[in-house]
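J.: Next up is a structure, given as structure tokens.
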Amino acid sequence: MCGIVGYVGRNHASPFLIHALGKLEYRGYDSAGIAVCNDGNLNVLKKKGRIQVLKNALNGLFGFDGTSGIGHTRWATHGEPSDTNAHPHTCESGKISVVHNGIIENYMILKKSLENKGVIFKSQTDTEVIVAMMGFFYNGDIFNTVRKTILSLEGSFALGILCADYPEQVIAVKKESPLVIGFGDNENYIASDISAFVDKTKKICRLDECEIAVLNSDSVNFYNFNGEKIEKNLTNIDWTIGSSEKDGFEHYMLKEIMEQPAAVRATIKPRIKNNEIIMNELDKFDKKYINSIKKICIVACGSAYHVGVAAKYIFETLIKIPVEVDLASEFRYRSPVINTETLMIIISQSGETADSLAVLRESKRHGAKVLAIVNVVGSSIASESDFVFYTWAGIEISVATTKAYSAQLASIYLFAFYIAKIRDSLTNENSYKKYLDSINKLPDLITNILETKEEIYKIAKKYTACDNVFFLGRGLDYAVSLEGSLKFKEVSYIHSEAYAAGELKHGTISLIETGTLVYAIATNKRLFEKTVSNIREVIARGAVCVVITTESKKTDISDFASDIICIPDAPEFMLASLAVVPLQLIAYYTAVMLGRDIDKPRNLAKSVTVE
Ligand code: M6R
């Protein structure tokens with residue numbers, strides 16, 4: 001979603017701003033712009049479309065040589081994508097420019113009141129209200145003008161602010177939308193996420209709720225919304241897996257699919273020592289608390305929610321605690337029954353998803369403890385949870401998540417066995433050591449599947465010309481179907497649906513006709529025969545069925561499957577991690593063949609920071 005960048009230093013700001021905006025492209029956007037303070041004036045350039053359009057317009061343009069500036073990629077919420085609605089927005093006097101990520105909920109009231117005082121608005125955005133107010137209040141003291149303005153705002157806002165009277169300063173504000181400060185050598189940066197400046201500095205500090213940062217080239221000072229100075233610690237970030245470059249791959253999505261063994265290994269390896277699961281992060285999880293848990297609620301969005309669906313099967317089998325799984329956007333507006341005996345688990349790659357963050361806060365108000373499974377270190381969800389379990393998947397750029405999803409699933413296995421051991425809920429059959437051995441082998445098993453990618457490419461190629469696709473499965477295979485279908489539709493733009501295989505005949509089977517493409521996931525040994533019956537039902541109605549199954553079951557389906565994709569045999573709970581890999585590759589190759597915008601599918605954003 002919207003991305004903010006800012007620079008103050010000794011060098012020209014605009015080359016950094018354009019470069020940094022490019023690094024945030026993956027978040028999803030429809031227009032981009034910059035403002036630079038030059039000889040006491042603010043010069044603003046903003047364009048609908050890709051950053052390249054902005055870059056072309058900037059080429060040779062006079063007035064953008066200043067050493068402080070702010071930039072923005074906009075994902076339209078209030079008002080269509082256009083040059084006018086793009087950020088930065090500037091007040092009537094031209095002295096103050098603002099970039100914003102979030103939504104100002106009371107903007108209509110504020111706008112009316114300013115209009116009544118004679119202020120004229122140019123755009124349809126909520127953001128322009130912020131800068132118009134600053135312009136209205138401005139009396140030469142920019143810091144207090146900013147403070148006075150933000151105290152009137154309701155909603156979420158990360159802001160970058162530039163004032164012509166303070167040419168060597170950028171102000172950053174955070175409330176509910178992420179903002180991080182980077183510390184360089186005689187230059188400092190702001191950005192919505194560290195990928196914007198990670199090639200410049202690894203020394204960072206995230207703004208916490210209701211904080212302001214005032215950046216000059218050689219200093220950064222922090223304040224709360226009351227204007228009181230506060231001290232904050234700097235962190236040195238460490239990118240373990242994958243860089244923010246494509247490293248020779250045509251797309252980030254393929255690069256990240258191929259990084260899955262490393263991402264899963266980095267997530268599990270430090271946590272399994274001498275046949276024990278070591279969870280230093282969960283030290284605060286004392287035995288008494290673990291034994292007091294009566295219900296687990298897993299809440300997330302998109303692919304992270306699909307991990308939750310898989311987790312329900314795994315937890316109920318291994319831990320034997322009732323588990324609810326819900327979409328964050330639904331959970332936050334129902335009346336969930338949660339209390340101190342409920343463990344809330346929020347799963348999120350970015351750690352900034354607005355709906356998931358809202359659920360976290362609501363859960364804490366009910367007295368429930370919150371465990372976050374998060375990829376981005378220090379993100380809002382990580383910072384506000386009681387316990388954080390990091391997936392060490394490294395930076396994920398492609399909007400379609402792959403390696404973070406796999407690292408989240410691996411975390412679920414570790415967590416399930418960790419809790420099961422403490423609660424003594426493992427049966428002999430589910431012996432601890434045997435399963436730890438299997439988890440350790442998971443990265444290599446994923447590698448084995450990735451090595452068959454040419455075969456998977458051929459299958460994807462055969463079925464590119466389809467309009468509708470169904471993904472079917474039962475149990476954990478159903479959880480994988482959900483993810484396979486989402487991956488497929490989000491990058492290929494072909495309609496697809498995931499269905500619990502046994503549910504199809506309760507309505508949806510009427511959509512199956514001659515030639516309908518079905519990807520059936522049949523890896524679960526206990527449910528295999530049931531799934532096969534459902535596959536036969538769709539084939540009997542004309543469907544073309546590609547079946548994903550295990551090596552040992554391959555021959556059982558060879559007489560009716562149009563194509564078979566084999567994954568290695570493994571313990572049941574781990575098959576989800578294996579079956580999803582060919583589905584990711586199918587989605588990727590189909591989208592490539594259709595010429596789609598793989599890493600930034602239309603209308604999508606990587607980090608969904610608005611409701
Ligand atoms: O950052 P999060 O994991 O909280 O994001 C949740 C979803 O927006 C995300 O998983 C989305 O569904 C992916 N783009 C799917 O590939």
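The values are calculated or read from the model by the stated rules, or taken from the named source; none is laboratory data. The structure presented is a predicted model; accordingly, all values stated were derived computationally and were not measured. Because the Cβ atoms are built from the backbone with ideal geometry, glycine has one as well, and the counts that use them run over all protein chains shown. Heads up: the accessible areas ignore ligands, DNA and RNA and are worked out on the full protein's heavy atoms, side chains in. Shrake-Rupley method; radii C 1.70, N 1.55, O 1.52, S 1.80 Å.
J.: Could you work out how far helix 528-540 tilts from the main Cα principal axis of the chain, as a 0 to 90 degree angle to the nearest 10?
T.: 80 degrees
J.: If amide hydrogens are placed 1.01 Å from N in the peptide plane, which non-local residues have theirs closer than 5 Å to the one on residue 72?
T.: 5, 33
J.: Which of 294/553; 202/312; 487/530 have a Cα-Cα distance over 29 Å?
T.: 294/553; 202/312, as the Cα separations exceed 29 Å there.
J.: Can you compute the FRET efficiency between residue 434 and residue 284 using 1/(1 + (r/R0)^6), with r the Cβ-Cβ distance and R0 = 22 Å? Round to the nearest 0.05.
T.: Working from the Cβ atoms, E equals 0.15.
J.: With +1 on the Cβ of every Lys and Arg and -1 on the Cβ of every Asp and Glu, and nothing else charged, how large is the dipole of the chain about its Cα centre, in debye rounded to the nearest 20?
T.: Dipole magnitude for the chain comes out near 640 debye.
J.: Enter the Cα centre distance for the pair segment 525-601 and segment 310-344, rounded to the nearest angstrom.
T.: What the calculation gives is 28 Å, centre to centre.
J.: Something else: Viscosity 0.692 mPa s, temperature 37 °C: what is the translational diffusion coefficient of segment 173-243 from Stokes-Einstein with a Kirkwood Rh over Cα pairs, rounded to a whole number of µm²/s?
T.: In µm²/s, the coefficient is 261.
J.: What three numbers, in Å, describe the spread of the alpha carbons of segment 285-394 along their principal axes, ordered from the longest?
T.: 32, 29, 25
J.: For segment 187-220 and segment 2-37, what is the separation of their Cα centres, given in Å?
T.: Taking the Cα centre of segment 2-37 as reference, the centre of segment 187-220 is 13 Å away.
J.: If you build the Cα gyration tensor of the chain and take the root of 5 times each eigenvalue, what three semi-axes come out, in whole angstrom, biggest first?
T.: Three semi-axes, in Å: 45, 27, 22.
J.: Still on this model: At a 10 angstrom cut-off on C-beta neighbours, averaged per residue, how do the peptides 248-255, 352-359, 288-295 rank from highest to lowest?
T.: With the highest mean Cβ count within 10 Å placed first, the list reads 352-359, 248-255, 288-295.
J.: Still on this structure, I have one more. Beyond a 19 Å Cα-Cα separation, which of these cross-linked pairs lie in this structure: 284/369; 232/284; 255/453?
T.: Going by Cα-Cα distance, 232/284 fall outside the 19 Å limit.
J.: Taking a cut-off of 20 Å, what percent of all Cα-Cα pairs in segment 413-570 are separated by more than that?
T.: The calculated P(r) of segment 413-570 puts 55 percent of pairs beyond 20 Å.
J.: Would you mind putting 7-13, 296-302, 265-271, 107-113 in packing order, based on average other-beta-carbon counts within 10 Å, highest first?
T.: 296-302, 7-13, 265-271, 107-113
J.: Turning to a different aspect of this structure: Check which residues have an amide H placed less than 5 Å from residue 272's amide H, if you skip close sequence neighbours.
T.: Here the answer is 278, since their amide H atoms fall under 5 Å of that of residue 272.
J.: Kindly report the accessible area of the chain per residue (heavy atoms of protein chains, probe 1.4 Å, no ligands, DNA or RNA), in Å².
T.: That works out to 38 Å² for each residue.
J.: Just to check I understand the Karplus step: with θ = phi - 60° and J = 6.51 cos²θ - 1.76 cosθ + 1.60, what whole-Hz values come out for segment 148-155, glycine and proline as x?
T.: 4, 5, 5, 5, 8, 8, 10, x
J.: Classify segment 261-334 as rounded, prolate or oblate from the Cα gyration tensor: take a ≥ b ≥ c as the square roots of its eigenvalues, call it rounded if a/c is under 1.5, otherwise prolate when a/b beats b/c and oblate if not.
T.: The shape class here is oblate.
J.: For a quick protection proxy, order the peptides 390-402, 584-596, 328-340, 213-225 by their average other-Cβ count within 10 Å, most packed first.
T.: By packing density, highest mean first, the sequence is 390-402, 584-596, 213-225, 328-340.
J.: Leaving out ligands, DNA and RNA, and with a 1.4 Å probe, what % of the accessible surface on segment 284-347 is carbon or sulfur?
T.: 55 percent
J.: Taking the radius of gyration and the Kirkwood hydrodynamic radius from Cα positions alone, what is the Rg/Rh ratio for segment 128-286, to two decimal places?
T.: Using only Cα positions, Rg/Rh for segment 128-286 is 1.09.
J.: Show the residues, 5+ positions off or on another chain, whose built amide H is closer than 5 Å to the amide H of residue 550.
T.: Placed amide hydrogens put 567 under 5 Å from residue 550.
J.: For segment 316-321, what does the Karplus curve 6.51 cos²θ - 1.76 cosθ + 1.60, with θ = phi - 60°, yield as ³J(HN,Hα) per residue in whole Hz, taken in order and with x for Gly and Pro?
T.: 5, 6, 8, 9, 6, 10
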